[in-house]
Amino acid sequence: MTKGFGRAATGAIALGLLTIASAASAETLLTLDARAQPPAAESGYLRMGTATSPSGHVIGLDNRYLSLDGHPWLPVMGEFHYARFPAAYWDEELAKMKASGVDIVSTYVFWNHHEEVPGQFDWTGDRDLRRFVALCARHDLKVIIRLGPWAHGESRFGGIPDWVVNQVPPRTDDPTYLGYVERFWGQIRQQLDGQLWKDGGPVIGVQLENEYNLTGQGQGRAHIAALKAMALRLGFDTPLYTVTGWDQTVYPPREVSPVFGGYPDEPWGVSTARLPPKETYAFRFDSRVSGNLGAQTQSAAGGDADPDIPHTAFLGAEFGGGAPTMYRRRPVFSPDDIAAMLPVQLGSGVNLYGYYMFQGGRNPEGRTSLEENTAIGGYNDTPLIDYDFQAPLGEYGQVHAVLDRLRPYHYFLRAFGADLAPMAPHRPQILPKDLNDLTTPRFSVRSAGDAGFLFVNNHVRQYPMAAQTGVRFQVELPGGALAFPRRPIDIPPDAYFIWPINMDLGAARLRYATAQPITRLATTEGPLYVFRAVDGIVPEFAIETKGARVSAASGHVNDGDQPGVKVVEGLRPGAGAVITLHPASGPAVRILVLTEAQAQSLWLGDLDGQPRLILTRATPVFGDHRLELRSLGDPDIRISVYPALKAPPAGLTATGRDGLFQTLEARQQTRALTATFTHLRDAQPVPPVTIGGPARAAVQPTPEVYGRAAAWSLTIPKDALSGLSDAYLDLSLTGDVGRLFSGPRMLDDHFLDGRPWQVGLKRFASLLDQPLILTVLPLRGDAPIYLQEGYRPALTPGAQVAEVRQVTLTPEYSVTVSFAGR
């Protein structure tokens, strides 16, 4: 059970969840006491490395938050495994991450990707760590290196080479093992020469080991201390040293800072049913550990993370951007399943939001397969190649729908993270009694002084939440109680959001808003604050004007409950939904309120020499004085820009205005692509799925069974990629496991979960002159694996199915415009 559930907050005001009846309506007043101030910052406890770069920039960490150049810093971090993605496309993927609001790239350095043979190191091509880090720097992305030596990451032996596992006890102080580790880490240090923060590079930290809860002989805290001493001896002098803090992790206090995470499901679990409501969707106030994160080892002893809470900041490294697909458990995530985690974690006090994964990928080719599997003693069976992870950016670089939900939160943290980071979380007076309580409102406030943010979540994966009807909030602050909005609202099921409390707008103060802040933009007309409305809730803005006149594009400006307060009600969100504050002197302050759909199409980037807001359903890829717009399936590429461009660049045609925004478009010639498939052989009967492995659960079929798969020949037009940035093969299949081949070479594989399997073709362009071979291993009706409700085919226990329902080719159009020389 989540710690902090089912108890009242000490010192909270008497009103908890008060229902007030009247002749007109009933309202529920949700109350919270935020008068307590954040604890004093404690510096000097953690023994970190050199914090100052040659240019004078400083990374800091105390017991509350990170800092950058002396200012609180709440960055977004995204995991990207360079060796799991073609090096030819690193640059464009990093550009997408930067444009999506990511500030830090984290990456494992898998040992068995670089030293499969003792003493023979490969740092070339897709394994070129140095080039990858340099590209991160080019995109102004900081880097945290996850050194291992044990990584997990669904890799073979957790990333440790076979020859090490076959000779010595890994993850111990065994001298031979540590000698091999030191040789490997020495190679990494050479690759990072000149790339550390102290040398002017982007590498600001290293993570030691992963999910380390071993306490036997030659293990425990002393082993982590030995690894840190080794890292220092080799020259890994960085501002941050971290370890994962979940699943009873042990580490030497003061030497490292723990980082945390949480996932929307547990594919590493053994249940073949829907899981109970996950802790990930519940605010927590007493512990930083969010449920089962899939550590390969178990410890009965308590870990070191919770006792360290007074001395360490709440930093996240593995909040699921999706989750791996395991053979025995194949969850499918909605965008809300991932995005609803943000207000919960931030509202619980998280001060670094790190995703695992942000960029999907694929296992590289090696002398052996490099995936985790039970045949070699692994706890899980994962695909040989596929590591898409349902991440915001997929295995082939495609933008998954979840990214549109996440970006507004990332932009919020970039704009307002310095305000949020020092704020302490406060629990409401009434908490849900446990994780199964789906009716009690879930919310928190983070505040410092009278300023703060309200965090609300009404979404739990796979469980319908009750609508919260007739709701108002009352927050007790040092300066007095603030109740809002003026009239009760209904919070719909699956809604989640962050609302401001006493936000400083410079010329005025925003007492509250029933809309979520996204970003602020400096313009020649004065500052512009961008918000998003929440579907089903009418925006309301209460503004302490400081003498400024208030006007609104729609709705009404009314007097507030106190002198000098104006309330904007009834504003219709949209591209022209602007509230303007006209101070007696100085520039006007404007507030733009977008619809939820518009906020999901919002991107921020530099165009023609200045930051701009961009609304588009295409994917923008920003480069040096250039912009590429990619559109999957739609040849008509539309874009709205604010501030307007002085003149449209070649390739884009101005079409008018939409509210504040200049509208432009580029029309591409429609390409009708068709893939033909020919049946080659029927599936043969497959044996029942075996129960076994360390988990004593379903294990994937042995290699010989795959010969019983049904097979089809796929013919792709030879000119399919002509004039396109890519084309995607969409395979709608029913079965157990899909595999795609070119001759004897396996191009990709997929544990079928009911969704269409999408394969990008540009990286296989040279192979399209001959048919591809698709195989589908049959799914038995009695297979003891978890397929989500609505995705599992209806089969009797003795039946099996392997079929191709549909094969389509979807073109990805693109237009590239240049701003050079303008």
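The values are calculated or read from the model by the stated rules, or taken from the named source; none is laboratory data. This one's a predicted model, so the numbers in the text were calculated from it and none came from an experiment. Cβ placement follows ideal geometry from the backbone for every residue including glycine, while neighbour counts extend to all protein chains displayed. Just the protein is used for accessible areas: all its heavy atoms, side chains included, with ligands, DNA and RNA removed. Shrake-Rupley method; radii C 1.70, N 1.55, O 1.52, S 1.80 Å.
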Expressed as an acute angle from 0 to 90° and rounded to the nearest 10, what is the orientation of the C-alpha long axis of helix 175-191 relative to the principal long axis of the chain? 60 degrees
Quick check: the distance between the Cα centres of the stretch 727-744 and the stretch 159-174, to the nearest angstrom? 36 Å
Residue pairs, from the table K433/K566; K96/K646; K98/K228; K142/K228, whose Cα atoms sit over 32 Å apart: K433/K566
In the stretch 270-379, the GluC sites (Glu not before Pro) that fall in loop regions by DSSP, at most 15 other Cβ within 10 Å: E365
D719-D782 pseudo-label distance in nm [points 7 Å out on the Cα-to-Cβ vector]: 5.4 nm
Quote to one decimal, in nm, the extra length available between T702 and S43 on full extension: 0.36 nm per residue of separation minus the C-alpha distance between them. 231.8 nm
Could you work out how much longer the chain between T670 and H556 gets when fully extended? Use 0.36 nm per residue separation minus the Cα distance between them, nm to one decimal. 36.5 nm
Taking only Cα atoms, what is the 0 to 90° angle, nearest 10, from helix 402-420's long axis to the longest principal axis of the chain? 50 degrees
Using the heavy atoms of the protein chains and a 1.4 angstrom probe, tell me the accessible area per residue for the stretch 311-448 in square angstrom. 20 Å²
Let me know the shape class of the stretch 174-266, please: from the alpha-carbon gyration tensor, a ≥ b ≥ c as square roots of the eigenvalues, rounded when a/c is under 1.5, otherwise prolate if a/b is greater than b/c, or oblate. oblate
Quick one: net charge around L809, please, counting Lys, Arg +1 and Asp, Glu -1 for every other residue with C-beta under 14 Å from its C-beta. -1
Provide the per residue accessible area, probe 1.4 Å, for the stretch 556-642, rounded to a whole number of square angstrom. 40 Å²
Would you kindly find the accessible area of V259, with a 1.4 Å probe and non-protein molecules such as ligands, DNA and RNA excluded, rounding to the nearest 10 Å²? 10 Å²
Qualifying GluC sites (Glu not before Pro) in the stretch 731-822, DSSP loop, other Cβ atoms within 10 Å at most 13: E789
Computed about the Cα centre, the charge dipole of the stretch 136-237 from +1 Lys/Arg and -1 Asp/Glu charges at the Cβ has a magnitude in debye, to the nearest 20, of 160 debye
Need one value: the accessible area of V689 in square angstrom, 1.4 angstrom probe, rounded to the nearest 10. 30 Å²
Separation of the stretch 649-713 and the stretch 512-528 by C-alpha centroid, Å? 40 Å
Candidate lysines for bridging to K718, where Cα separation is under 16 Å - those fewer than 8 sequence places away on the same chain excluded: K762
I'm spelling it out carefully: the read-out is Cα extents along the principal axes in Å, the candidates are (1) 111, 73, 68; (2) 85, 65, 59; (3) 79, 65, 60, and one was derived from this structure. Which label? (3)
I need the phi-derived Karplus couplings for the stretch 104-115: 6.51 cos²θ - 1.76 cosθ + 1.60, θ = phi - 60°, integer Hz, Gly and Pro marked x. 10, 9, 10, 8, 6, 10, 6, 4, 6, 7, 10, 9
Cα gyration tensor of the stretch 19-91, axes a ≥ b ≥ c as square roots of the eigenvalues: rounded (a/c below 1.5), prolate (a/b > b/c) or oblate? oblate
FRET efficiency, V165 to R745 (Cβ-Cβ, R0 35 Å, nearest 0.05): 0.80
Principal-axis tilt of helix 221-234 within the chain, Cα atoms, nearest 10 degrees: 90 degrees
Taking the alpha-carbon centre of each part, the distance from the stretch 452-482 to the stretch 760-810 in Å is 43 Å
Just check the stretch 83-126 against the gyration tensor rule for me: Cα atoms, a ≥ b ≥ c as the square roots of the eigenvalues, rounded for a/c under 1.5, and otherwise prolate or oblate depending on whether a/b exceeds b/c. prolate
Could you give the length gained on full extension between Q217 and R254, defined as 0.36 nm per residue of separation minus the Cα-Cα distance, in nm? 11.1 nm
Only loop residues by DSSP count here, and only those with at most 14 other Cβ atoms within 10 Å; note down the trypsin sites (Lys or Arg not before Pro) in the stretch 181-254 that meet that. R254
